[in-house]
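Report on one structure; see the data block that follows.
Read-outs throughout are calculated quantities, based only on the coordinates presented, and are distinct from any laboratory measurement. Because the structure is predicted, anything quoted here is derived from the model rather than measured. Cβ placement follows ideal geometry from the backbone for every residue including glycine, while neighbour counts extend to all protein chains displayed.
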Amino acid sequence: MAEVRGKLTRDIVIVGASVAGLHAARAAAKAAGGLSVMVIGKEVRPRYDRQPPPRTALTRPVDLDATTLRSLGRLRGEGVDLRLDARAVGLDPGRRELQLEGGTVSYGALVLACGCDPVVPALLTGRPKVITLRRRKDLLSLRAALADISVSVAVVGAGFGGGEVTSTLAGGGRTVSLIDVSPQPLGQFGSFVAESYLALHEEAGVAQYFGDGVVEVLEAGRSRLLRLSSGTLVPADLIVVDGGRRPATGWLASSGLTLRDGIVCDAELRAREGVFAAGDVARWFNPRYGTHMRGKHWANASEQGRLAGLNAARSVGGGITEICAAVPYVRSDQHGVRIQFAGFLSGDEWTLTQRTTDGSIVLYGREDELVGVLAFEHRALFVRLRAMLAGAVAWETAVELVGAAISTSQDKPRSPRLRRDPSRHGGETR
C-alpha cells in the first residue's frame, strides 16, 4: 500500500495503473530525463498489461502476478513513484492540482488513464456470483468457482470479451451459455461475420440465445436459472457479464473538462492545457478519419498510453508533441480461431467477403476506398491489409491483393469468389 497523504508535487502524474496508464508511465519515464513521474492506482494489484489477456487463467494454473509484478518492478527501477491503493476524487486543472483521498498532488502535466466501469444490468446488480472480469479479484473469484466442473456458466453479452470467456470455458463437460439481447452477434460488422461467429460457437457446443434478454433470475439453493424473454430457462450458477463499459469520469464532473462519453481530447490527446487522456476513457479527435472516437481495446490503450506519456513529458520538459492518428484494431482468439479487425466503420459501407478452407477475409469499402478489414485466420494477409490502412487504399487494390493472396495459396490458381453483403451495401460494387 502506498497511499498519498498531505500535499506532494510531481512533474508528471498519471491517474490509473491500467494498460494505458502503465504504458504512459513507461514512456514518460523514458522521455522525461530528470522529471519526476508518479502513478496513482486504486487497486493494490493492477490488472495485467499484456495482449491477449490471460483468459487461460480461468481454467489453468497461471501466475497472475508474474507479468504485472515485473512491469511494476521495471517502472520502479526507472524511478517511477507508484502509489497504489490510492484514489483520485477531484481535479482542479486551473491550479494543476489532483485531489486524492487523504492528500493532494500538484503536477506539471497530468495523464488521465482511469478507464471504464462495467455496466451490469439492474436485474443482476448486487447478486452473488455475478462477475465482470474488469478487476484482478474478479478473475480470481471466477477461477475459484470454476474448480467445480458441475457449475454452469451463463455469459451475458456476446462481444469480443464475452466470446473469449465463452470459448475458454466451453468443452470439458461444463454447461456454458452465451446470451445477448441483440438478434445477431457483432452486428456492426455485417451478417457474414455474425453468421460465422455463430457457427464458430455452435461447433464448439455452446448454447446460444440471441435476441433474447434476461427477464428473471430464479434462485434454487446452490443452483440458479435465468428466464429469458422467450420463456427459455438457462442454467446460470455463475454469470459473467460483458454488457458494456461506462467511462469512469464521475469524479471529474466539476473539473471543467469536456465530458461526452469519455474525456474529449484533441489529436494530441490533450483535454486542456497540461491534461492528457489515454485508453478507453479518452474520446479523441482522430485526424485519420476526421472525427472524435473512443478506442475500447488493448492495442488502442497501449499506443495511446505511450503517446500521452510522451506528450505529457514533452509539454513539461520541452519538445514537439505528437498526434494520434491510429487505425482502430482489435484481436480476439476464440475456439482456436483468431479474429482480427482493423479500420473504422460508420455503417454505410459495402462489404465483400472471401472464404476459403483457411479462413475468411471481409473487406469494407466506401467511396472507392478500403476503410476496414476483418479476418477469421488468414493472419499474414490481414497484417498486410492492416498496414495499408495507415494510408489511403484504393478499393480495387485491396480486392486484387486478396484475390492474388488467396489464389496463390491454393493448389491450383483460381479467380477469387467475392461475395457482396447486401445488409451493409452503401454503394455500387465495381
- Note on the structure: The answer for the per residue Cα convex hull volume of region 120-241, in Å³, is 102 Å³
- Message: Apply the Karplus curve 6.51 cos²θ - 1.76 cosθ + 1.60, θ = phi - 60°, to the phi angles in region 204-217 and return the couplings in whole Hz, x for Gly and Pro.
- Response: 8, x, 7, 6, 10, 10, 10, x, 9, x, 7, 10, 7, 10
- Query: Which of the trypsin sites (Lys or Arg not before Pro) found in region 105-212 are loop residues per DSSP with 13 or fewer other Cβ atoms within 10 Å of their Cβ?
  - Reply: none
- Item | Surrounding net charge for G262, when Lys and Arg each add one and Asp and Glu each subtract one, Cβ distance under 11 Å | +4
- In debye, nearest 20: dipole of region 56-208 around its Cα centre with unit charges on the Cβ of K, R (+) and D, E (-)? 460 debye
- Note on the structure: Dividing the helical contributions, -39500 (n - 2.57) per DSSP H run of n ≥ 4, by the residues of the chain yields a 222 nm value, nearest 500 deg cm²/dmol, of -8000 deg cm²/dmol
- Ordering of 21-33, 98-110 by packing [mean C-beta count within 10 Å, highest first]: 21-33, 98-110
- Ranked list, fewest to most other Cβ atoms within 10 Å of each Cβ, for V156, V39: V156, V39
- Amide H within-cut-off set for R246, under 5 Å, with H built and near neighbours excluded: D117, V119
- Lysine pairs in the chain with alpha-carbon atoms under 22 Å apart, 8 or more places apart or on different chains: how many are there? 5
- Message: Using Cα-Cα distances under 8 Å and only pairs 6 or more residues apart, what relative contact order does region 120-241 have, in percent?
- Response: 30 percent
- Task: Return E216, E377, E349 ranked ascending by Cβ neighbour count within 10 Å, so the fewest neighbours appear first.
- Result: E216, E377, E349
- Per residue and in Å³, how big is the convex hull formed by the alpha-carbon atoms of the chain? 157 Å³
- Item | At R0 = 45 Å, FRET efficiency that the Cβ-Cβ distance of E322 and L140 yields, to 0.05 | 0.75
- Note on the structure: Listed with the fewest Cβ neighbours within 10 Å leading, C265, C114 appear as C265, C114
- Message: Below 8 Å, C-alpha to C-alpha, sequence gap of six or more: please give me the relative contact order for the chain in percent.
- Response: 15 percent
- Run through the DSSP bridge list for the chain and note the antiparallel percent, rounded to the nearest 5. 60 percent
